[in-house]
Amino acid sequence: MKKKLYTKIIGFSLLLITMAGCGAMDETYKDLRGDSPIVYLGKLDVSTIVVQSGRERVKISWPALYDPRVEYTKITWANGTRETDVPVTYGKPTEVTLNTNLPEALYDFVFQNFSSDGLSSVAVSSIGEVFGNTYESYLRNRNIASINLNKAENIATITFPVLGDSTLVGTEVRWTKQSDGTPTTVYFANTSDNRIVLNNFKGQDFEYRCRFLPTPNAIDDFYSQWASYHIIVKTLLNPAGTPSGWTVTTPYSDMGESNGGGYKEQLVDGIANIATNYLSLRKPGRVVDAYDVPADAETGFTIDMGEQKTFDYFVWHHRYSNVTVALRAWTVSIYGSNDNIVFDEIKSNVNIPSAEAAGAPVPGTVELPSSTYQYVKVVYVRWDTNNSNSIQVSEFQLGVTE
């Protein structure tokens, strides 16, 4: 009995203390609020606040409020050092753009509603970022994977690599129109095939820059710097499928065969993909068909183009379908002349691409210093001296880069 009585006494005592404490607390706040209850305005729903990034500014919006007492919303930022009051219309959405040259930074915007008689809501906050020149200075143009220039139709097709940057939303290009020679600028949104087509394109030059949106709903565009691009066009002077009309001479007779191959005329006839169409020359130091070319003899070929032509690369076609490395020239030297007597060195000791690689031959392109000559002499410098008796080449092409 005593234990139960003690328990009841203790419990009653605690209740009295609590009631006394609450009363004292109420008295304290009563001094501040008088006899009226504490009243709050409706607050903004933070999940519905939209902060859109911009260039040294932000646009902020939120849905309609249905508390008729709300007159305006106070927005503060920069740790409360900056603020603005935004009027609110009952039942209508609210939006405001803070055009105050905001420094680039991530901001915590705080929102609190107020009435005309001083009532306020609970404050809520939302994050937004401001961008500017510093951000823009780091933007880079897309790399170009390839360009196809169709001069006949005045069309340039630009292909980009697969896009990995979601903030890059398009590309702006300016070029000169073929029709009237005036400049034009066109914006191209990203495409699924990463390709844009420039119609009415004149020449080989254009400029481009890329457009960025730092966030999907940003209110301002940002651009990379304009970049100039020159389309490199390689044009063969003696393209495949067209006889060049050039003449070929060799220091020793060719090895023309009964099967129709091996003749010097076949070196520049525009046919590179037929196994029986090629020039074949005996290797110095080896006796072939009782025909002896001295071991120290210079061998190769000289092409007469009929007139002076400018070129800066050549394409070498090994004999088509011939997988034998021993039948190929490995290294050559190139010379030029305008009288077929005095020859100037253009480039010496040039290794022919894929010459020493076993398997099906692959045409090889070799860059040369830009040169203008009528005669071009190719001297064989290095080859397999132990196997096979001849050196074979299907087609020799010269070209110029624009």
To the nearest 10 degrees, how steep is helix 2-33 against the longest Cα principal axis of the chain, on a 0 to 90 scale? 80 degrees
Can you sort ILE232, ILE196 from fewest to most other Cβ atoms within 10 Å of each residue's own Cβ? ILE232, ILE196
Between the alpha-carbon centers of the stretch 338-402 and the stretch 68-101, tell me the distance in whole angstrom. 76 Å
For the stretch 69-217, what is the number of Lys pairs with C-alpha distance below 26 angstrom, counting only pairs 8 or more positions apart or on separate chains? 4
Please label the shape of the stretch 247-342 as rounded, prolate or oblate, based on the square roots a ≥ b ≥ c of the eigenvalues of the alpha-carbon gyration tensor (a/c under 1.5 means rounded; beyond that, a/b larger than b/c means prolate, else oblate). oblate
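For each of HIS317, HIS230, count neighbouring Cβ atoms within 10 Å of the residue's Cβ, then give the residues from fewest to most. The partial results should precede the final answer.
Working: HIS317 21, HIS230 11.
Ordered by Cβ neighbours within 10 Å, fewest first: HIS230, HIS317.
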Given 37 °C, 0.692 mPa s and a Kirkwood radius over Cα pairs, the Stokes-Einstein diffusion coefficient of the stretch 76-208 in µm²/s is 167 µm²/s
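D for the stretch 46-130, whole µm²/s, Stokes-Einstein with Kirkwood Rh over alpha-carbon pairs at 20 °C and 1.002 mPa s: what number? Please list the in-between numbers first.
Details: Rh = 13.1 Å.
So the translational diffusion coefficient is about 164 µm²/s.
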Pair-distance profile P(r), taking every C-alpha pair of the chain, with 10 angstrom steps and integer %: 4, 15, 15, 12, 11, 9, 8, 7, 7, 5, 4, 3, 1, 0
Give me the net charge for the shell around GLY241: Cβ to Cβ below 12 angstrom, other residues only, Lys and Arg +1, Asp and Glu -1. -2
Computed on alpha carbon atoms, what radius of gyration and Dmax characterise the stretch 206-293, expressed in Å? 27.2, 85
Extension gain, TRP226 back to ASN194 (0.36 nm per residue minus Cα-Cα distance, nm): 9.6 nm
Radius of gyration and maximum dimension Dmax of the stretch 347-402, Cα, Å: 13.3, 42
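Given only helices, namely DSSP H runs of n ≥ 4 each adding -39500 (n - 2.57), what is the per-residue ellipticity at 222 nm of the chain, to the nearest 500 deg cm²/dmol? Provide the component values of the computation, followed by the final result.
Details: 2 runs with 37 residues, N = 402.
Per the formula, -3000 deg cm²/dmol.
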Net charge near ALA189, counting Lys/Arg +1 and Asp/Glu -1 over other residues with Cβ under 11 Å of its Cβ? 0
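Once fully extended, how much extra length lies between ASN322 and THR247, figured as 0.36 nm per residue of separation less the alpha-carbon to alpha-carbon distance?
Length difference between fully extended and current span is 24.5 nm.
Give me the one-decimal Kirkwood hydrodynamic radius in Å for the stretch 262-402, with the sum taken over alpha-carbon pairs. Could you put the intermediate results ahead of the total?
Numbers: mean 1/r = 0.0650 Å⁻¹.
Averaging 1/r across every pair of different Cα atoms and inverting gives 15.4 Å.
What's the lysine pair count for the stretch 245-385 at a Cα cut-off below 20 Å, pairs eight or more apart or interchain? Could you put the intermediate results ahead of the total?
Details: LYS264/LYS283; LYS264/LYS377; LYS283/LYS377; LYS309/LYS347; LYS309/LYS377; LYS347/LYS377.
Lysine pairs meeting both conditions in the stretch 245-385 amount to 6.
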How far apart, in nm, are the 7 Å Cα→Cβ label points at THR385 and VAL110? 8.9 nm
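No lab work stands behind these numbers, since they all come straight from the coordinates. Every value quoted in this text rests on a predicted model; they were computed, and no experiment measured them. Backbone-built Cβ (ideal geometry, glycine too); neighbour counts: all protein chains shown.
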